[in-house]
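First comes the structure, then the notes that go with it.
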Amino acid sequence: MSLRHSRKERRGEANLELTPLIDVVFLLLIFFLITTTFSKSQEAHIPINLPKAVSGEKATSGDKVVLFITAEGSVELKGDEPLQGNSIEEKLADLRERKPEANVVLKGDQKASHGKVIEVLDQIKQTGFKKVDLVISRPQGE
């Protein structure tokens, strides 16, 4: 009987330390906050003032190719992949070969000329892309 009694005395209360758990949760929270901040700033390197309009629809989801037209009229292509060709037509043709069902998202500055936007739309159509989304921003009150 003395053996049973001594085992009960050796068992102590099990304590669960919460401090390391709280530290890990805060580190994960900081990691996710920093990660989402960097993912939103990918397009910030090209300064574009989008035209404002009240009407418009949400962009379709799926594979996208994003083109920027700056106020000066230069055309920039957003993407991580290295593309073949120097001109925008060659780059669009290369993208069309890689992603034939992709939608083109066109973000044109409000000061870009109408002629430049039509020229880029024509190049997109000649390349063979089926759908183009023109991006706008909504006024603050809407």
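The values are calculated or read from the model by the stated rules, or taken from the named source; none is laboratory data. Just so we're clear, the structure is a prediction, and the values are computed from it rather than from any experiment. A quick note on method: Cβ atoms are made from the backbone with ideal geometry, for glycine too, and the neighbour counts reach across all protein chains shown.
Inside the stretch 58-103, can you point out the residues that are more than 16 Å from Asp133 (Cα to Cα), of a type in the set (A, V, I, L, M) and modelled with pLDDT under 70? Passing the criteria: only Leu83.
What are the residue pairs meeting all of these: first residue in the stretch 121-140, first residue surrounded by fewer than 15 Cβ atoms within 10 Å (Cβ to Cβ), second residue part of a helix (DSSP H, G or I), Cβ atoms under 6 Å, and 6 or more apart or on different chains? Taking only residues 6 or more apart or on different chains, the pairs are Gly128/Arg96. Look at (1) surrounded by 10 or more Cβ atoms within 10 Å (Cβ to Cβ); (2) under 30 Å from Val104 (Cβ atoms); (3) at pLDDT 65 or above; (4) within 20 Å of the chain's Cα centre (by Cα) and you find that Lys52 fails only one, number (4).
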